[in-house]
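I have placed the structure first, in the form of structure tokens, so that the comments after it can refer back to it.
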Amino acid sequence: MQATIKADRSLFSYPKYWAHCYGTAPFLPMSRQEMDELGWDSCDIILVTGDAYVDHPSFGMAVIGRLLESHGFRVGIISQPDWHSKDDFMQLGEPNLYFGVTAGNMDSMINRYTADKKLRHDDAYTAGNIGGKRPDRAVTVYTQRCKEAYKHIPVVIGGIEASLRRIGHYDYWSEKIRRSVLFDSKADLLMFGNAE
């Protein structure tokens, strides 16, 4: 007897979220003013990234944001927020569904330090190539600030830093075994890999 495997459902065959009536944004909003220009009262999903926001496929958050938008969600971006307070994490208001957090296109520790553990002075994923715009262990710091701003809103982490640190691992910079970033950050869900 031969068993047949039912084909997976196509990603784009699901019904769109109700907000698809707003259409496609020229750029995903990064401020309350840009949301107002689009006629949005709130975002369904807010993506937080350690990279500058460039609406191009080489930047992961732009790809994820546009994919979510194609399914009808209103997506906002908080790019390179000031992690010293929760204020930047509240600039778009409270998301209806969740925060999506990533360190960016690189692990934040590799982005900030050389192999000799010296601080880098440049950042290829920041406007003007200026270093120091993201914290050490950015996924953990950004997630904690999102939780500080809105305790009841779920936080989903993903990207290279979250994927590489999803289980217990040896941390080169502190020279000790660290537990999963899911526990340290207190995020609600970790998406492994590309996450779309």
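The values are calculated or read from the model by the stated rules, or taken from the named source; none is laboratory data. Everything numeric here is computed off the predicted structure, so don't read it as measured data. All Cβ positions, glycine included, derive from the backbone under ideal geometry; neighbour counts span all protein chains shown.
This table checks each residue for (1) farther than 30 Å from residue 94 by Cβ; (2) among the small types (Gly, Ala, Ser); (3) not in a helix (DSSP H, G or I).
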| position | (1), (2), (3) |
| --- | --- |
| 104 | no, yes, yes |
| 111 | no, no, no |
| 117 | yes, no, yes |
| 125 | no, no, yes |
| 128 | yes, yes, no |
| 135 | no, no, yes |
| 143 | no, no, no |
| 156 | no, no, yes |
| 161 | no, no, no |
Search result, residues across segment 139-182 that are closer than 20 Å to residue 193 by Cβ, modelled with pLDDT of 90 or more and among the aliphatic types (A, V, I, L, M)
139, 155, 156, 157, 182
When the residues of segment 60-84 are narrowed to those that are in a loop (DSSP other than H, G, I, E, B) and either in contact (Cβ under 8 Å) with a residue 12 or more places away in the chain or acidic (Asp, Glu) (or both), which ends up nearest to residue 148 (Cα to Cα)?
83
Counted residues in segment 106-115 being surrounded by fewer than 22 Cβ atoms within 10 Å (Cβ to Cβ) and either touching a Ser or Thr at 6+ places or on another chain (Cβ under 8 Å) or in contact (Cβ under 8 Å) with a residue 60 or more places away in the chain (or both) come to 2
Identify all residues within segment 149-186 that are touching a Phe, Trp or Tyr at 6+ places or on another chain (Cβ under 9 Å) and closer than 20 Å to residue 86 by Cα; write none if there are none.
149, 150, 153, 154, 155, 156, 157, 185
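Mind checking which residues of segment 24-41 are surrounded by 11 or more Cβ atoms within 10 Å (Cβ to Cβ) and not acidic (Asp, Glu)?
If we filter segment 24-41 for residues that are surrounded by 11 or more Cβ atoms within 10 Å (Cβ to Cβ), which is where we start, we get 25, 27-32, 34-38, 40.
Within segment 24-41, 25, 27, 28, 29, 30, 31, 32, 35, 38, 40 qualify.
Kindly provide the set of residues from segment 173-196 that are of a type in the set (Phe, Trp, Tyr) and touching a residue at least 40 places away in the same chain (Cβ under 8 Å), ordered by number. Walk me through it before giving the result.
Filtering segment 173-196 down to residues of a type in the set (Phe, Trp, Tyr) leaves 173, 183, 192.
Answer for segment 173-196, where residues must be of a type in the set (Phe, Trp, Tyr) and touching a residue at least 40 places away in the same chain (Cβ under 8 Å): just 173.
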Among the residues that make up segment 90-100, is at least one of them within 24 Å of residue 173 (Cβ to Cβ) and surrounded by fewer than 20 Cβ atoms within 10 Å (Cβ to Cβ)?
no
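Every residue in segment 93-102 that is outside any loop (DSSP other than H, G, I, E, B) and out of contact with any helix residue (DSSP H, G or I) (no Cβ under 8 Å at 6 or more places or on another chain), please. Before you say what the answer is, go through the steps one by one.
Narrowing segment 93-102 to residues outside any loop (DSSP other than H, G, I, E, B): 98-101.
Answer for segment 93-102, where residues must be outside any loop (DSSP other than H, G, I, E, B) and out of contact with any helix residue (DSSP H, G or I) (no Cβ under 8 Å at 6 or more places or on another chain): just 98.
Going through segment 25-41 one residue at a time, which ones are out of contact with any Ser or Thr (no Cβ under 7 Å at 6 or more places or on another chain) and under 16 Å from residue 54 (Cα atoms)? Full working, then the answer.
Filtering segment 25-41 down to residues out of contact with any Ser or Thr (no Cβ under 7 Å at 6 or more places or on another chain) leaves 25-29, 31-41.
Those that are out of contact with any Ser or Thr (no Cβ under 7 Å at 6 or more places or on another chain) and under 16 Å from residue 54 (Cα atoms): 25, 26, 27, 28, 29, 31, 34.
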